[in-house]
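As structure tokens, the structure follows; a few thoughts come after it.
The values are calculated or read from the model by the stated rules, or taken from the named source; none is laboratory data. Just so you know, these numbers come straight off a predicted model, no measurement behind them. Cβ placement follows ideal geometry from the backbone for every residue including glycine, while neighbour counts extend to all protein chains displayed. When the accessible area is computed, the model is the full protein with side chains, heavy atoms only, and any ligands, DNA or RNA have been set aside. Shrake-Rupley method; radii C 1.70, N 1.55, O 1.52, S 1.80 Å.
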Amino acid sequence: MSAKDKDCGHHHDHYQQFLRRLAAVLLALTIIVGIVIFIIWAVLRPSKPHFILQDVTVFSLNASTSPNLLSLSMQVTISSRNPNDRIGVYYLQMDVYGAYRGQQLTLPTLLPSTYQGHRDIVVWSPFLSGDAVPVAPDVAVSLQQDKNVGAVLFDVKMDGQVKWKVGTWISGRYHLNVNCPAFIKFGNADHHAIALGSAMKFQIVQSCHVEV
């Protein structure tokens, strides 16, 4: 082997050692950053946002059993409070829809992406509607019976994603599921109902179940 070949081999070995050391340094930095983020996350322990269904305005509600169809038009007001002192929340791709006995009655309404700061409150007032929605026979019959009695239990549901923000660090996406029961009494039985022309506005102020 010539001196030139030995010199090339020597440089190659040094280059390989440099790459191994660089990889080790990068790996160590990655582990350190991960540990720091985990410690911050464990210390802060983000709490789930608190959702409240404030009110529901029903514009129309019709059910038919031949065929089994439901039509619903309403507007809801939902507030969310961030209980965290040092953690912000990004709401992404949030859909809201109305359901009855587990069956979706309205098309999903997409809420605008929103950032919620520490201890902040965000309020949404989306319109929800579904026209001649096919439903199971027992669902149509139950709704008609509930209307005749004068009390209907709807569910206002939210489905989307959230990100947590700690300082300049932003987490990955987490699935958010919110269920807000809305017990509505028609007629004169509910003193919290307000007539708005042909529509009825019901003051609910009901806490919602939140899963993240």
* Structure fact -> Any residue on another chain or 5+ positions along whose placed amide H is under 5 Å from the amide H of Leu176 is listed here as Gly160, Gln161, Val162
* To do: Amide H neighbours of Thr106 under 5 Å, at least 5 residues apart or on other chains, H built in the peptide plane: list them.
  => Gly98
* To do: Compute the semi-axes of the equivalent ellipsoid of region 43-130, taking the square root of 5 times each eigenvalue of the Cα gyration tensor, and list them largest first in whole Å.
  => 33, 12, 11
* Asked: How big, in percent, is the set of alpha carbon pairs in the chain lying more than 22 Å apart?
  -> 61
* Structure fact -> Residues whose built amide H sits under 5 Å from the amide H of Leu128, excluding neighbours closer than 5 in sequence, are Met74, Gln75, Val76
* To do: Could you tell me which of Gly98, Gln145, Phe186 has its Cα farthest along the dipole of the chain towards the positive end, charges placed at Cβ (Lys, Arg +1; Asp, Glu -1), taken about the Cα centre?
  => Gly98
* List, in order, the whole-Hz ³J(HN,Hα) value for each residue of region 162-176 obtained from phi through the Karplus relation with A = 6.51, B = -1.76, C = 1.60 and θ = phi - 60°; use x for Gly and Pro. => 10, 10, 9, 10, 10, x, 9, 8, 10, 6, x, 8, 10, 6, 10
* Asked: Measuring with a 1.4 Å probe in the full set of protein chains, what accessible area per residue, in whole Å², belongs to the chain?
  -> 58
* Using only Cα atoms, find the angle between the long axis of helix 3-44 and the longest principal axis of the chain, and express it within 0 to 90 degrees, rounded to the nearest 10. => 30
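At a 1.4 Å probe radius, carbon and sulfur cover how many percent of the accessible area of the chain?
It is 58 percent, rounded to a whole number.
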* Can you give me the relative contact order of the chain as a percent, contacts being Cα pairs under 8 Å and 6 or more apart? -> 23
* Asked: Of Thr114, Ile52, Ile32, which is farthest along the charge dipole of region 28-117 in the positive direction, counting Lys and Arg as +1 and Asp and Glu as -1 at C-beta?
  -> Ile32
* Structure fact -> Rounded to the nearest 10 degrees, the helix 137-149 long axis (Cα) sits at an angle to the longest Cα principal axis of the chain of 60
* Net dipole in debye of the chain [+1 Lys, Arg Cβ; -1 Asp, Glu Cβ; about Cα centre; nearest 20] -> 660
* Relative contact order, percent, of region 118-209 when contacts are C-alpha pairs under 8 Å separated by at least 6 residues? -> 22
